Amino acid sequence: MNFKKHLLSAIILSAVTVPALALAADSLSVHILNQQTGKPAPGVEVTLEQKQANNWKILNSEKTDQDGRVKKLWPDNVKTEIGDYRVTFKTGKYFADNNQSSFFPEIPVEFNISDPEQHYHIPLLLSQYGYSTYRGS
């Protein structure tokens, strides 16, 4: 009976704690679509920074996957906090790798986290000479 009680406790505990960890780890994602081709932009480096006084502290850097996404840009070892942040899309290399010139070698997007419990998603619609972004879901 004691074994069953411990096993049940472990199952309940894992069911409660695993989603909480996943939520924290998945608090920020990005997606890049190339408006000229209508296709995702793979291999673009994306950097996440946190504003601290008048400086920016780098928290993480990842590259977009084949679908143009970074599904988990927030690092596991950093707690999501209220504050100002910046995601920088390093688009110059992406265009150079595709034998295209571009007016924007980098696209910084500053945003504010007001609720650390929410998921934040930043889509980027990209072309060689323009871009748009918004808060996605």
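The table below lists the values:
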{"read-out": "In sequence order, calculated HN-Hα J values of the range 99-111 (Karplus, 6.51, -1.76, 1.60; Hz; x Gly/Pro)", "value": "6, 10, 8, 8, 7, 10, x, 9, 10, x, 10, 8, 8"}
{"read-out": "Cα-based shape type of the range 55-137, given that a ≥ b ≥ c are square roots of the gyration tensor eigenvalues and the cut on a/c is 1.5", "value": "prolate"}
{"read-out": "Sorted peptide list for 52-65, 85-98, 114-127, criterion being average Cβ within 10 angstrom, highest first", "value": "85-98, 114-127, 52-65"}
{"read-out": "Pairwise label distance in nanometres, GLN118 with ASN55, each label 7 Å out on the Cα-Cβ vector", "value": "3.0"}
{"read-out": "Separation between Cα centres of the range 42-77 and the range 95-136, rounded to whole Å", "value": "11"}
{"read-out": "19 Å Cα-Cα threshold exceeded, pairs from LYS39/LYS72; LYS39/LYS90; LYS72/LYS93; LYS51/LYS71", "value": "LYS39/LYS72; LYS72/LYS93; LYS51/LYS71"}
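Computed from the coordinates by the stated procedures, all read-outs in this text should not be read as laboratory data. All values reported here derive from a predicted model rather than from experimental measurement. In this analysis, Cβ positions are derived from the backbone assuming ideal geometry, glycine residues included, and neighbour counts consider all displayed protein chains.
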